[in-house]
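Taking it in order: structure first as structure tokens, then the write-up.
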Amino acid sequence: MTTIDEETSPRARLAEPDEAISLDELRLATRNHGMPLEMLDLDLTPPGLHYVLVHYDIPLLDPTSWRLEIDGHVERPVSLDLAALLGLPTVTHRVTLECAGNGRARTTPRPISQPWLDEAVGTAEWTGVELGPLLERAGVRDGAIDVVFTGADHGVERGVEQDYQRGLPLDLAVSAPLFLAHTMNGQPLPPQHGAPLRLVMPGWYGMAHVKWLVRITVLDRPFDGFQNESAYRIKQDQGDPGEPVTRILPRAMVRPPGFPDFQTRTRVVEAGTHRLTGRAWSGLAPIERVEVSVDGGATWADADLGPVPGPYEWRAWSSAWQADEPGRYELSVRATDAAGNTQPLEQRWNRQAMANNHVQRVPVVVRRR
Ligand SMILES: Nc1nc2c(c(=O)[nH]1)N[C@H]1C(S)=C(S)[C@@H](COP(=O)(O)O)O[C@H]1N2
Ligand SMILES: [Mo]
């Protein structure tokens with residue numbers, strides 16, 4: 001692990017109270033795009049409109065020479081090419097993916113990083129192979145502790161040069177419903193989503209779903225890589241070791257109704273009754289309740305839930321809005337899951353703005369017919 005100087009790779013920093021979004025943040029935001037919220041109309045997000053988060057560069061891997069290596073604390077290291085992987089039995093799941101930093105730009109003070117508003121989410125149907133049988137083929141040796149997933153992308157972050165890597169405890173790697181996906185919505189993975197192979201870890205925030213997978217290494221000691229030990233932690237200050245970011249907290253979103261203003265994206269609807277629609281998800285338990293507020297969170301009404309979805313995908317909801325009075329409104333929605341987890345009206349702050357799930361607020365102007 002090499003350390004690179006601070007001018008090249010600045011250390012973590014909070015924005016000053018009145019500091020506007022910088023060119024560095026804008027550059028991240030133009031590379032890493034969100035899902036246009038009108039796509040909340042669809043069960044499955046078209047791959048080009050699914051949100052994208054890439055820490056370094058998108059590696060363009062040659063599918064004919066690419067290999068997946070399984071090594072480390074195993075009896076027989078395994079090396080597979082894509083044809084071999086495509087020949088294995090498959091599983092298919094619809095999975096809602098959300099970036100752990102979603103909502104970061106709305107936190108105060110805001111950590112300087114990818115400045116998401118609300119849109120770092122999407123749902124795809126992923127097809128791939130289960131990890132368990134591959135680990136069995138390699139023969140995990142006694143004393144194994146963690147499994148490390150390595151992507152082909154390389155960069156420097158907060159001074160630490162690294163391949164993108166995430167570790168998982170072995171017991172979780174063999175018991176969680178995770179799998180290695182080679183297909184997204186029935187097509188080979190596109191470059192930005194991890195071609196030719198990525199990890200999919202249903203219910204977990206995005207950082208766990210390692211893209212451009214080239215190596216799976218079994219360790220006989222705990223993994224202490226940057227993305228586990230430093231980046232994806234909920235901490236109050238920089239010295240705080242904090243808690244790891246794991247599963248997706250509940251969140252509901254409304255498809256912004258009517259039509260938008262180009263610059264502010266404030267919505268305009270005509271007076272009358274409207275059916276508000278959207279989606280809700282939680283990585284902790286099934287969605288059990290969605291509430292809607294049209295007065296900035298002062299009063300709430302239960303929405304109608306759509307059919308029970310697959311175990312890892314968002315649930316549709318809808319709610320009639322009688323918007324008879326012209327004027328300015330603020331729409332909000334709030335999800336509650338079967339374990340009783342819900343969304344805070346005021347986001348609790350953490351140093352890296354991870355795992356935010358404050359309620360979305362959508363300004364709407366109702367105009368006379
Ligand atoms: N190799 C690699 N995998 C990665 C990342 C990355 O930068 N490199 N970003 C992670 C993060 S932070 C997120 S939110 C998801 C985003 O997945 P998507 O771009 O397919 O939506 O990928 C994860 N997997
Ligand atoms: Mo992320």
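The values are calculated or read from the model by the stated rules, or taken from the named source; none is laboratory data. These figures come from a predicted structure and were not determined experimentally. Cβ atoms come from the backbone with ideal geometry, glycine included; neighbour counts cover every protein chain shown. Heavy atoms of the whole protein, side chains included, go into the accessibility calculation; ligands, DNA and RNA do not. Shrake-Rupley method; radii C 1.70, N 1.55, O 1.52, S 1.80 Å.
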By residue number, the members of segment 145-161 that are over 17 Å from residue 180 (Cβ atoms) and either near ligand 1 (Cβ under 10 Å from one of its atoms) or buried (at least 20 other Cβ atoms within 10 Å of the Cβ) (or both) are 146, 154, 155, 157
Within segment 1-44, the residues that are more than 25 Å from residue 97 (Cα to Cα), modelled with pLDDT of 95 or more and of a type in the set (A, V, I, L, M, F, W, C) are 14, 15, 20, 21, 23
Across segment 97-106, the tally of residues that are assigned to a loop (DSSP other than H, G, I, E, B) and within 8 Å of ligand 1 (Cβ to nearest atom) stands at 3
Among residues of segment 50-62 being surrounded by 15 or more Cβ atoms within 10 Å (Cβ to Cβ) and under 19 Å from residue 181 (Cα atoms), the residue farthest from ligand 2 (Cβ to nearest atom) is 61
The residue that is nearest to residue 49 (Cα to Cα), considering only those in segment 142-198 that are among the acidic types (Asp, Glu) and within 16 Å of ligand 2 (Cβ to nearest atom), is 153
Going through segment 207-225 in order, the residues found to be under 14 Å from residue 154 (Cα atoms) and open to solvent by less than 30 Å² (accessible area, probe 1.4 Å) are 210, 211, 212, 213, 225
Picking from 17, 89, 47, the residue that is open to solvent by less than 80 Å² (accessible area, probe 1.4 Å), in contact (Cβ under 8 Å) with a residue 24 or more places away in the chain and not charged (D, E, K, R) would be 47
Would you mind stating whether residue 94 is assigned to a loop (DSSP other than H, G, I, E, B), of a type outside the set (A, V, I, L, M) and touching a residue at least 40 places away in the same chain (Cβ under 8 Å)?
no
Reported set for segment 107-138 where residues are open to solvent by 10 Å² or more (accessible area, probe 1.4 Å), more than 22 Å from residue 25 (Cα to Cα) and either assigned to a strand (DSSP E or B) or touching a residue at least 24 places away in the same chain (Cβ under 8 Å) (or both) is 125, 127, 130, 132, 133, 137
Note on residue 327: of the conditions (1) in contact with a Phe, Trp or Tyr (Cβ under 9 Å, 6 or more places away or on another chain); (2) open to solvent by less than 80 Å² (accessible area, probe 1.4 Å), unmet is (1)
Of the residues in segment 191-205, those that are within 9 Å of ligand 1 (Cβ to nearest atom), closer than 21 Å to residue 67 by Cβ and assigned to a loop (DSSP other than H, G, I, E, B) come to 194
Exactly one of 90, 107, 96 is among the hydroxyl-bearing types (Ser, Thr, Tyr) and within 14 Å of the chain's Cα centre (by Cα), and that one is 96
Taking segment 20-44 and keeping residues of a type in the set (Ser, Thr, Tyr) and in contact (Cβ under 8 Å) with a residue 60 or more places away in the chain leaves 22
